[in-house]
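Read the structure below first, then the notes.
The values are calculated or read from the model by the stated rules, or taken from the named source; none is laboratory data. Computed from a predicted model, the values in this text were never measured in an experiment. Quick reminder, even Gly has a Cβ in these numbers, built from the backbone with ideal geometry, and neighbours come from all protein chains shown.
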Amino acid sequence: MLFFKLSAFYFFYFAAVGVYIIFLPKVLLDLGYSAFDIGIVFALAPLMRFITPFLFLRHINLNQTVFKYALYLSVICSALFYISIENFFAFIINNAILAACLSLILPYLEVTAIKILGKDKYGKSRLYGSIGFMLISLVLAKFLSEPYIAVHYYLVLNILTVVFALLLLKYDDVTHDETNSNTKFSFFKYWPFWVSLFLMQLSFGAFYNFFTIYETEHGISLEMTSYLWSFGVICEIILLYFQAPLLKRNLLSIIKFSVAITALRWLLLYLFPDNLTLTFITQSIHAFSFGLYHSAIMIFLYTVYDNKKLAQQFMYGVAYGLGGFLGALIAGSLYGENIFLYSAIFALLSLIFLFNKRLKYKV
């Protein structure tokens with residue numbers, strides 16, 4: 001029953017993420033937002049994801065009460081889309097509060113997932129998030145006839161996410177790392193890992209924001225590019241299902257391998273942008289550079305930090321928050337024929353930091 005509830009949570013959470021990332025930009029454009037306005041809206045989420053964890057270092061404790069407030073407030077903010085979305089400044093405020101709530105929800109339950117499911121079943125549950133993301137991209141594309149349909153979908157998916165999140169609370173051990181543990185958290189003990197984490201996500205800036213443009217400019221059709229995206233997600237799902245034996249090995253070695261093959265992935269895209277076969281191969285690597293990498297760093301942080309929930313918050317903040325935000329900006333400023341060469345360099349730098357002597361221990 002726990003596995004079902006957790007899998008359902010991942011499914012609906014990432015389906016909602018899919019609505020937000022894939023369809024909300026078009027919704028805002030249809031409502032009269034400029035490209036600059038849309039850029040500001042989508043810069044808020046990673047910024048809030050980065051800023052919010054710092055409030056929990058000393059001032060707030062991420063316990064069940066705070067978690068429940070974040071859940072309820074996320075539903076309220078989702079409902080307020082109907083009122084705020086046509087007013088830029090109101091939507092900015094609403095979106096910032098929503099982003100702060102979301103920055104708490106996933107890290108909190110990831111700890112429960114790893115603690116109870118362990119290395120054997122975590123990936124098999126997490127893969128339902130990828131399925132939800134992929135299905136919503138296929139379904140909503142057929143029904144998005146007017147802007148507010150996306151808002152309807154987002155609200156319903158958010159409510160279902162909250163329902164399953166609340167059902168999971170009874171499995172949460174609130175005593176294992178919450179009491180007086182915030183002051184014990186430190187970046188400095190494992191600072192090379194955090195730098196590597198940031199650089200790795202920085203390297204993804206070109207992929208997440210410009211892969212479609214890059215490939216279509218090199219003669220790959222838009223339809224084929226959509227197949228490339230889907231193929232990458234399918235490979236990720238397959239590896240998440242079968243990754244358990246790999247995660248029983250040295251986690252740091254797995255992370256190094258994932259970063260190294262990611263650098264190779266970006267280099268191949270730079271050298272052979274119009275070779276469809278090689279591009280499909282690079283997309284298959286997404287299974288390692290996202291699927292396996294994500295699982296390994298989640299379990300790595302769970303192993304080395306006592307304050308596990310705060311560690312997960314900072315993982316999302318440093319990587320997908322600051323790394324995602326700056327990655328998008330840097331990719332935009334560097335975009336051109338060499339964009340994936342720069343990505344390969346960022347990934348290579350990420351790999352170098354993983355060989356720092358501070359990380360020489362077995363996990």
Just name the residue that is nearest to I21 (Cα to Cα) out of those in the range 156-167 that are aliphatic (A, V, I, L, M) and surrounded by 19 or more Cβ atoms within 10 Å (Cβ to Cβ). L157
Restricting to the range 1-38, give me the number of residues that are in contact with a Phe, Trp or Tyr (Cβ under 7 Å, 6 or more places away or on another chain) and among the β-branched types (V, I, T). 2
Considering only the range 232-258, how many residues are within 26 Å of L199 (Cβ to Cβ) and among the aromatic types (F, W, Y)? 1
Residue pairs meeting the criteria (Cβ under 7 Å; at least 6 apart or on separate chains; first closer than 11 Å to V19 by Cβ, in the range 127-152; second modelled with pLDDT of 80 or more and part of a loop (DSSP other than H, G, I, E, B)): V151/I85
Give the range 64-80 a look and list any residue that's in contact (Cβ under 8 Å) with a residue 60 or more places away in the chain and small (G, A, S), or say none. S74, S78, A79
Would you point out the residue of the range 88-107, among those that are touching a residue at least 40 places away in the same chain (Cβ under 8 Å) and polar (S, T, N, Q), that is nearest to Y316 (Cα to Cα)? S103
Looking only at the range 1-41, how many residues end up being part of a helix (DSSP H, G or I) and touching a residue at least 40 places away in the same chain (Cβ under 8 Å)? 28
So, L47, is that one in a helix (DSSP H, G or I), over 14 Å from the mean Cα position of the chain (by Cα) and either farther than 27 Å from R126 by Cα or at pLDDT 80 or above (or both) or not? no
Of residues in the range 39-81 being farther than 15 Å from A99 by Cβ and in contact with a Phe, Trp or Tyr (Cβ under 7 Å, 6 or more places away or on another chain), the one surrounded by the most Cβ atoms within 10 Å (Cβ to Cβ): L62
